[in-house]
1. Test of understanding: ordering K2, K64 by Cβ neighbours within 10 Å, fewest first, what list do you get?
2. Listing H80, H53, H4 from the residue with the fewest other Cβ atoms within 10 Å to the one with the most, what is the order?
3. Across the range 46-57, in residue order, what do the Karplus-derived ³J(HN,Hα) couplings come to in whole Hz, using 6.51 cos²θ - 1.76 cosθ + 1.60 with θ = phi - 60° and x for Gly and Pro?
4. Return C54, C87 ranked ascending by Cβ neighbour count within 10 Å, so the fewest neighbours appear first.
5. Once the Cα atoms of the range 32-91 are picked out, what are the Rg and Dmax in Å?
6. From the phi of every residue in the range 75-83, what ³J(HN,Hα) in whole Hz does the Karplus formula 6.51 cos²θ - 1.76 cosθ + 1.60 yield, where θ is phi - 60° and glycine or proline is x?
7. With labels modelled as points extended 7 Å from the Cα through the Cβ direction, what inter-label distance (nm, one decimal) is found for Q85 paired with V8?
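Here, each number is a calculation from the coordinates, and none is a lab measurement. What you see is a predicted model, and the numbers here were worked out from it, not measured in a lab. No Cβ is skipped: glycine too gets one built from the backbone with ideal geometry, and neighbour counts run over all protein chains shown.
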Amino acid sequence: MKWHTALVTLILATTLFAQTTPAPRTPPKPAAQQAAGAAPNKVWVNTATNVYHCPNDRYYGKTKEGAYMTEPEAKKAGAHGPRGQVCFNNK
């Protein structure tokens, strides 16, 4: 009977103290095709988030909703670069 109690205690302890690892978060995947209208002097404005992306960005022209415009136009419309990023040196 002692081994039965020890086994139950071991199972309960293992269950209670087992460490669970949460599944890693993966970023959303952008659309496969780039939207038409890209130009080297334009940014892609994600109209759902109001964030614009530079031509070398992985989301450039690939979010579900958006439009191409110049960086000054995007800023005038209230958009901003990711984490304050600036695409072009507009002086």
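1. On the way: K2 6, K64 11.
The order, fewest Cβ neighbours first, is K2, K64.
2. Values: H80 15, H53 24, H4 8.
The order, fewest Cβ neighbours first, is H4, H80, H53.
3. Whole-Hz 3J(HN,Hα) from phi for the range 46-57: 6, 6, 6, 10, 6, 10, 9, 10, 6, x, 8, 7.
4. Values: C54 17, C87 20.
Result, fewest neighbours first: C54, C87.
5. Final numbers for Rg and Dmax: 10.2, 34 Å.
6. Values, residue by residue: 5, 5, 7, x, 7, 9, x, x, 6 Hz.
7. 5.9
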